[in-house]
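What follows is one structure encoded as structure tokens, with my remarks underneath.
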Amino acid sequence: MTLQLLFLCTGNYYRSRYAEILFNTLAAEMDLNWIASSRGLALEVGVNNVGPMNRIAAKRLQQQGISSEAYNRWPIQVQEADLSQADLIIALDEVEHRPYLTKRFPDWPDRVIYWGVRDLGFVPARIALSKIDQEVRNLAQRLAMSTSPGEMMAIEVDLATQAVLTRTYRAFNARDIETVLEVMHPEVAWPNGLEGGYVYGHQGIRDYWTRQWGLIDPHVEPHGFEIAEDGRIVTHVQQVVRDLDGHLLFDGPVQHIYLIRDGYIKHMEIRT
């Protein structure tokens, strides 16, 4: 499956557009299963911008031999759906963009990765664009090295694994079993939260969730990832469970601990 990367800046005219076009060029060259888009958090700030994209940014990309139809599209204001559909979100400057997210999308500021690329008026374009070059190329390299979620950074779960797990939770909440099973090992062991013990394999999980959803309505939202001492991935989750009439049965934090092998989830444990 192709994963979705979203770049954010203020006007979707300069920094995020440059990052989007550069990343998509590198992703195609490196055969990454990622595609980037970009949006603006406050298009009204750029009401006096001339043309669809900053000419300095477009020229720098063209000087690198990059041509794209994306040069010609006009800036787009970000919507909640853009954030929800993205597997990974990067805002170009935390100082500038976290306040916009906090005010306009209060559920999202802590679910975004922030870079430190200041806008025109704070630093010259050559410095800002050089920093974006470096950040985007480093990002592409990290994603290329982490196509197998077993390959992790020393102190944090790699971005690709975070994106895959986040997308998996989203599919679970949408009751899209087949999308979730795409990242499951054929011999996966999955905890049976209803009767205890484990269920095994794709069909075991399919049958278990079908039975579970006929009895209760669970919703799980990941809020953080870390690596345990034994190398497994710990996902911090807020779990809400209701009965089929909507009455709340449980609302609290749990941990999901994953063992990943050859790019697939092989085992999961629940800790409360």
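The values are calculated or read from the model by the stated rules, or taken from the named source; none is laboratory data. These numbers come from a predicted model, not from an experiment. Quick reminder, even Gly has a Cβ in these numbers, built from the backbone with ideal geometry, and neighbours come from all protein chains shown.
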Quick check on segment 25-41. Is at least one of its residues of a type in the set (Gly, Ala, Ser), part of a loop (DSSP other than H, G, I, E, B), more than 16 Å from the chain's Cα centre (by Cα) and more than 30 Å from Glu221 (Cα to Cα)?
no
In segment 111-131, is there at least one residue being out of contact with any Pro (no Cβ under 8 Å at 6 or more places or on another chain), under 30 Å from Glu269 (Cα atoms), at pLDDT below 90 and in a helix (DSSP H, G or I)?
yes
Complete set of residues in segment 173-187 that are among the acidic types (Asp, Glu) and assigned to a helix (DSSP H, G or I):
Glu178
Within 18 Å of Pro222 (Cβ to Cβ), in contact with a strand residue (DSSP E or B) (Cβ under 9 Å, 6 or more places away or on another chain) and at pLDDT below 90: is that true of Trp108 in this structure?
yes
Would you point out the residue of segment 23-36, among those that are buried (at least 19 other Cβ atoms within 10 Å of the Cβ) and touching a strand residue (DSSP E or B) at 6+ places or on another chain (Cβ under 9 Å), that is nearest to Leu83 (Cα to Cα)?
Ala36
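Of the residues Gly51, Gly65, Gly46, which is surrounded by 15 or more Cβ atoms within 10 Å (Cβ to Cβ) and more than 17 Å from Glu135 (Cβ to Cβ)?
Values: Gly51 fails: surrounded by 15 or more Cβ atoms within 10 Å (Cβ to Cβ); Gly65 fails: surrounded by 15 or more Cβ atoms within 10 Å (Cβ to Cβ).
On inspection, the qualifying residue turns out to be Gly46.
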Just the residues that are modelled with pLDDT of 90 or more and within 13 Å of Ala19 (Cα to Cα), please, taken from segment 67-101.
Ile89, Ile90, Ala91, Leu92, Asp93
Those residues that are crowded, with 24+ Cβ neighbours inside 10 Å and not aromatic (Phe, Trp, Tyr), I need them from segment 1-20; list them, please.
Leu5, Leu8, Cys9, Asn12, Arg15, Ser16, Arg17, Ala19
Any chance Gly201 is modelled with pLDDT of 90 or more and among the small types (Gly, Ala, Ser)
yes
Scan (1) hydrophobic (A, V, I, L, M, F, W, C); (2) surrounded by 14 or more Cβ atoms within 10 Å (Cβ to Cβ); (3) in a strand (DSSP E or B) for the single condition Ile205 breaks and write down its number.
(3)
Looking at segment 63-110, which of the residues that are of a type in the set (Lys, Arg) and either closer than 22 Å to Phe122 by Cα or part of a loop (DSSP other than H, G, I, E, B) (or both) is nearest to the chain's Cα centre (by Cα)?
Arg98
Based on this model, can you work out whether Asp245 counts as in a loop (DSSP other than H, G, I, E, B), loosely packed, with under 13 Cβ neighbours inside 10 Å and not assigned by TED's automatic domain parsing to the domain that holds Asp110?
yes
First in segment 207-228 and more than 20 Å from Val164 (Cβ to Cβ), second anywhere and of a type in the set (Phe, Trp, Tyr), Cβ under 8 Å, 6 or more apart
Tyr208/Trp190
